[in-house]
Every structure is written in C-alpha cells, then in structure tokens.
Amino acid sequence: MRAALFTFDPTVVVDSLRAELFPRFDPKQTALVTDAAALRRDFLDDKSMYQHPRALPNPAGQPTFYAPVPHENTALPIAAVTPGCVEAVAAVVRVCYRHRCPLVVRGGATGLEGGCVPLYGGVVLDTSNLVTTRVDAENGVAWVGAGVRKLHLAKHLGPLGLLFGPDPASNPTIGGMVSTSGSGMTTIRYGTTRENVVSLVVVTATGEIIRTRQPVRKASTGLDLTNLFIGSEGTLGVVVEACLKIHRLPIHRTGAMVTFPSLHDAVRAVVAMRKAQGARGTGQLVRCELINGEGIAAGNKEFRTQLTPVPTVLLEFQGDVVDSLTDEFRTAERVFREHSCQHINYVERGAELDTVWEARRGCYMAARKARGKGTAAATIEPVYISDVCVPMTTLADCVKQTEEDFRKEGVPCIICAHIADGNFHAMVPFATAKERQQTLELDARLIARAVRMGGACSGEHGIGLGKVKHLLQEHGQAHLALQRGIKAAMDPRGIMNPGKFYPPAPLTLGGSPAPPLAASPPAAHL
Ligand SMILES: Cc1cc2nc3c(=O)[nH]c(=O)nc-3n(C[C@H](O)[C@H](O)[C@H](O)COP(=O)(O)OP(=O)(O)OC[C@H]3O[C@@H](n4cnc5c(N)ncnc54)[C@H](O)[C@@H]3O)c2cc1C
C-alpha cells in the first residue's frame, strides 16, 4: 500500500476551498474546478510510463502540452484552481497550508520529468491566468507573470526591438522555465533562465508574499533567495512573477549547416571550435546544435526537409554587421575543416535555414513518429528522452560511448544536442514493456557515465519524478541532506509538490522504508 504522507479528507478540502475562495474572489479570476472526470482525463488516462504531449484545453481554454510522465504512483487531484493575481495565489496556498493539502503548480505542462503531476492528489494550481507583462526598457528588465508563455513574451517584446534570451524547443510558461531553470538553443549567448532572472515575486509555502530581492544590478543584502527558488520545481513556493533581463534584438542573423562522417568527429569539431573561440567568444554565435543521422532522417519525414541523414551541426550567428558574423563563421569553418567535416553550407540570410531549425526544434515530435508503428491512428509512440550535461573535455567520449552502448543493444536512438553547452539528449521511441525497460537501463548507464565523467544527470529538464533516483550518485548524502533541510525550513508542512525532487529519506514512494543511502560518490566528484 502506498504510504499516506498527508491525511486529509478531500471533500472537506474541496468544500473549504469553495467556501473560502469564491466569496472573496471573482469566479472568473479564480475558477475552482472540481470535475474529477475532467481532471482524470487531464492527468491520468494513459497507463504507459510516458505519454505523448498533446493539446488539452486548460481552464483558460488555451491548448497546453501534456507532459510525458510516469503514472504508477499518481493520484487524482481533488481540485484545480486558476488564480489571476498574487493575492489569490496566496489565498490558495494558505488554505492548502491549513489543511496540510498537497499543492502542485502546473505551468505549461511541457516538463519532461513529470514535475507537475499531482502525485499525492491535492490541489493543482494552474498559472495560466497569471499573465501580466510590464516592460521597463530603461532598466533592461521586464516583469512577467508566471503564466506567460515563451512565445507570447517574444511577440510582446519583438515590436519593441527586444528579446528574452533563453529559448527551449518547447513553448513553456515563464514560471515553468524559472522553476526548472530551462534553457535550450541559445545558452551559449544568453545563458540559462537562471542567468536571466533579476528578482522573483513568490508566494511561500506558508502563504506569504515576498520579493526575493530589489531589481537592481547589485544587492549585497542577504542570502540569495532568487537562486534558491530558481530550479526548485514548485517544491519551495509558487513563483507568481519574474523580473527578467531583456536584450536588444540583433539586426542580422547568418547560419551554417555542416555535416560530418561520424558523431564523434562532429562533437570533437565543436569542442575544438569552442576552444578556438576562447572562453568568452564574441557572443555572436548564438546557436550551435547537433543532430545525428537518425535524427536527420526522422526530421526529413516529419518536416519534409531533404537533408543527408548524417551527423549535422547547425550554427546561427547574430549581430549587427554581417561581415563580422561571416568572420566569426570563418574561424569555425577552419576548425571544422581540420576535423574532417564533409560538407559546409553557409548562408548570409539566416532565414534560409528556418525550415532546418524548425526540424531541429521538432526532434522530439519527429521521434514519436520515427518508427511509423505507434498504436494511435497517427502512428505516434511514446518517447523516452534523456538529458545529461558533461564538461566539454569529456563530451566527445561521452557521446561516443553512449552511441556505442545503444548500438550494441540494437536500440536506434535520435541524438540531438545543445552541443556547445555539453548538453545532449538521446530519444528512444518505445512501445512494449520490454522496450521501456531496456530504454530505462540504457538511460541509467548513460547517467552513470555522465556523472563519472564529471557531469550532471539533468542539464535542463530538471528532476521531477524521473531523475530522483539518480541524484545520490551525483550529489552524495551530505549534499542531499542539506537540500532536504532547506526544504523542511521553507515548506514546514511538506505541502509543495510532495514526492518529487528530493530523494526520500524516511519512505520510498511505494511506502516501504527507503534503502540505506549508498556510500557517497568518490571524492573526485565532491
Ligand atoms: C517538445 C519539447 C521540447 C523541449 N525542449 C526543451 C529545451 O530545449 N530546453 C528545456 O530546458 N526544456 C525543454 N523542454 C522541457 C520543458 O519545456 C521545460 O522543462 C519547461 O521549462 C517547463 O515549463 P512548463 O511551463 O511547461 O512547466 P510545467 O511542466 O508545468 O512544470 C515544470 C515544473 O515546474 C513547476 N512549476 C511550473 N510553474 C511554476 C510556478 N509558477 N511556480 C512554481 N513552480 C512551478 C511545476 O510544479 C513542475 O515541477 C521541452 C519539452 C518538450 C515537450
């Protein structure tokens, strides 16, 4: 039997929420959804470990991704709320706090590790009504509601000649990006979400409203709460608003597509290019992505591109002077030629490669149809996606060994990578329990390999449910105990997103006592 970490009567909580929220808040602003059937459809109708992202109407009537999540331990949420202001969020949290009711924040639900699944039921707080945006161009920042989507923000900032740097291949909410420190394709130029947050408005786990710091360039006034909330995946509080750094839109973009005889050659070339550019580079190389032959083939099918299915590096340079971008490309070209590249296509009008970039963005979607033998009408299969990040010095070996391991097991996988960050994904469609098990074993070996090589078991997708069991080997016991201590101090009743993120100390998810923590990793990792 699953351990009951929280004792509460769902009916009582629903009634309390109704009684406490509706009299005080306009129902249009704070819609309480208690339709269990709809919630069941929303969260739980697939028995497979991972589901396909798919459009679902959320309470605000907008389409949203359904995250692929493990379902073995999920429970139905008893309610979903869509507060429209910070005070309404605080009211929801206070009610949950009073009832010791689990509270799970749901942003765009594009997370790939099951972070927004209501594992222990409770209340789902959907941020889709938190959509304010205030641009303060003079101070180079924008205050953005947690529920604002990445693409919506880009549309808002574009006409002002501005942009927000981080660019995941999905369309998540700003709150979700902050909570996972999402990154994606532009990290070499702009950094991850973490480097682009100045300050946050957060509702704490006890229902208080705080601003993590003043939105100034320097503030030497206490612990860095901003960074504590970034990447905490809804386990410490609800991010309601973020003050984000904004940048000027560059005038020109150029691009290149470079093919290689092997994945190993391609990775070695990128590593050498980064070395040649020096630690800081000129900042004009904004994207540097790698796709293996299988990924190119899947993209050709899905996006009607006609690329040769071989390992391919895609580059995009952005800046105000085309000649300067071309010079920067020439440096890369020289290095690539020294590393046996096969074919180079450089375009001074970056837009000419937009279809190829679209295919790169859509790798995950293409992987779902790659084998053309899914069970659904559209032949869509569930896809497992790994996400490790290793130092540049071990990157080529890590990718090579991973490719060999998958090949040895006869499991074709699509490898696509934010390669200049040392971050790569292996995507494997699976249909049967046996395939799923085999994929999980391959992923566990990949993670162990990455950690051995000095890397992290998640570069950008976060921990959620999927990565919890791998954390010990990366961090060691003392580190995890410290994290649990911080969680206990900030969320004293343990209501925020329970069952995720922190490896359990007293209980496992299945309710049996946790095995004793293994020995700390070797000193080299500490
Ligand atoms: C096709 C595809 C491509 C992707 N590509 C990338 C990529 O290139 N780079 C990348 O980094 N990720 C990528 N992802 C993963 C995903 O888009 C990111 O993890 C994203 O940041 C999640 O945001 P979300 O709004 O969907 O959050 P959700 O999935 O809703 O939630 C993620 C976690 O954050 C918590 N959370 C959400 N909002 C808040 C809030 N306001 N306050 C507190 N906690 C909150 C949730 O409880 C959960 O734990 C991809 C996903 C897909 C489906």
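I'm trying to understand the selection: among the residues of region 385-422, which are under 16 Å from M185 (Cα atoms) and outside any strand (DSSP E or B)? Let's see the steps before the verdict.
Just the residues of region 385-422 that are under 16 Å from M185 (Cα atoms), to begin with: 387-389, 415-422.
Correct list: D387, I419, A420, D421, G422.
Does A154 fit the bill of being farther than 24 Å from G466 by Cα, of a type outside the set (V, I, T), free of Cβ contacts under 8 Å to residues at least 24 places away in the same chain and out of contact with any Lys or Arg (no Cβ under 8 Å at 6 or more places or on another chain)?
On the way: farther than 24 Å from G466 by Cα: yes; of a type outside the set (V, I, T): yes; free of Cβ contacts under 8 Å to residues at least 24 places away in the same chain: yes; out of contact with any Lys or Arg (no Cβ under 8 Å at 6 or more places or on another chain): yes.
Considered against the rule, which asks whether it is farther than 24 Å from G466 by Cα, of a type outside the set (V, I, T), free of Cβ contacts under 8 Å to residues at least 24 places away in the same chain and out of contact with any Lys or Arg (no Cβ under 8 Å at 6 or more places or on another chain), A154 comes out as yes.
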Can we say A431 is away from the ligand (no atom under 16 Å from the Cβ), of a type outside the set (D, E, K, R) and on the phi < 0 side of the Ramachandran plot? yes
So, in region 130-147, exactly how many residues are surrounded by 23 or more Cβ atoms within 10 Å (Cβ to Cβ) and either hydroxyl-bearing (S, T, Y) or within 13 Å of the ligand (Cβ to nearest atom) (or both)? 5
Single condition D320 does not satisfy, out of (1) closer than 22 Å to F260 by Cβ; (2) among the acidic types (D, E); (3) surrounded by fewer than 19 Cβ atoms within 10 Å (Cβ to Cβ): (1)
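Just give me the residues in region 192-238 being among the small types (G, A, S), away from the ligand (no atom under 13 Å from the Cβ) and touching a residue at least 12 places away in the same chain (Cβ under 8 Å), in sequence order. Walk me through it before giving the result.
Filtering region 192-238 down to residues among the small types (G, A, S) leaves 199, 205, 207, 219-220, 222, 231-232, 234, 237.
If we keep only those that are away from the ligand (no atom under 13 Å from the Cβ) too, we end up with 199, 207, 219-220, 222.
Those that are among the small types (G, A, S), away from the ligand (no atom under 13 Å from the Cβ) and touching a residue at least 12 places away in the same chain (Cβ under 8 Å): S199, G207.
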Looking across region 80-113 at residues that are of a type in the set (V, I, T) and in a helix (DSSP H, G or I), the single one that is nearest to the ligand (Cβ to nearest atom) is V89
Within region 128-184, track down each residue that is more than 12 Å from G107 (Cβ to Cβ), of a type outside the set (S, T, N, Q), in contact with a Pro (Cβ under 7 Å, 6 or more places away or on another chain) and not in a strand (DSSP E or B). G184
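In the set E316, E352, which member is more than 18 Å from P168 (Cα to Cα), out of contact with any Leu (no Cβ under 6 Å at 6 or more places or on another chain) and either in a helix (DSSP H, G or I) or within 16 Å of the ligand (Cβ to nearest atom) (or both)? Let's see the steps before the verdict.
On the way: E316 fails: more than 18 Å from P168 (Cα to Cα).
Within the list E316, E352, the selection yields E352.
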Quick check: is even one residue across region 326-333 assigned by TED's automatic domain parsing to the domain that holds A269 and assigned to a strand (DSSP E or B)? no
Scan (1) out of contact with any Lys or Arg (no Cβ under 7 Å at 6 or more places or on another chain); (2) under 30 Å from V124 (Cα atoms); (3) among the basic types (K, R) for the single condition R493 breaks and write down its number. (1)
Here is a list of conditions, (1) surrounded by fewer than 24 Cβ atoms within 10 Å (Cβ to Cβ); (2) near the ligand (Cβ under 8 Å from one of its atoms), and L162 meets all of them except one; can you say which number that is? (2)
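Residues of region 391-429 being of a type in the set (F, W, Y) and without any contact (Cβ under 8 Å) to a residue 60 or more places away in the chain, which ones? Reasoning before the result, please.
First pass over region 391-429, keeping only residues of a type in the set (F, W, Y): 406, 424.
The one that is of a type in the set (F, W, Y) and without any contact (Cβ under 8 Å) to a residue 60 or more places away in the chain: F406.
Yes or no: I415 surrounded by 15 or more Cβ atoms within 10 Å (Cβ to Cβ), within 16 Å of the ligand (Cβ to nearest atom) and modelled with pLDDT of 95 or more?
Numbers: surrounded by 15 or more Cβ atoms within 10 Å (Cβ to Cβ): yes; within 16 Å of the ligand (Cβ to nearest atom): yes; modelled with pLDDT of 95 or more: yes.
For I415, the condition - surrounded by 15 or more Cβ atoms within 10 Å (Cβ to Cβ), within 16 Å of the ligand (Cβ to nearest atom) and modelled with pLDDT of 95 or more - is met.
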Scope region 279-297; condition more than 16 Å from F424 (Cβ to Cβ) and either in contact (Cβ under 8 Å) with a residue 24 or more places away in the chain or buried (at least 22 other Cβ atoms within 10 Å of the Cβ) (or both); matching residues: G281, T282, G283, Q284, L285, V286, A297
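The values are calculated or read from the model by the stated rules, or taken from the named source; none is laboratory data. Computed from a predicted model, the values in this text were never measured in an experiment. Don't worry about glycine lacking a Cβ; one is built from the backbone with ideal geometry, like all the others, and counts go over all protein chains shown.
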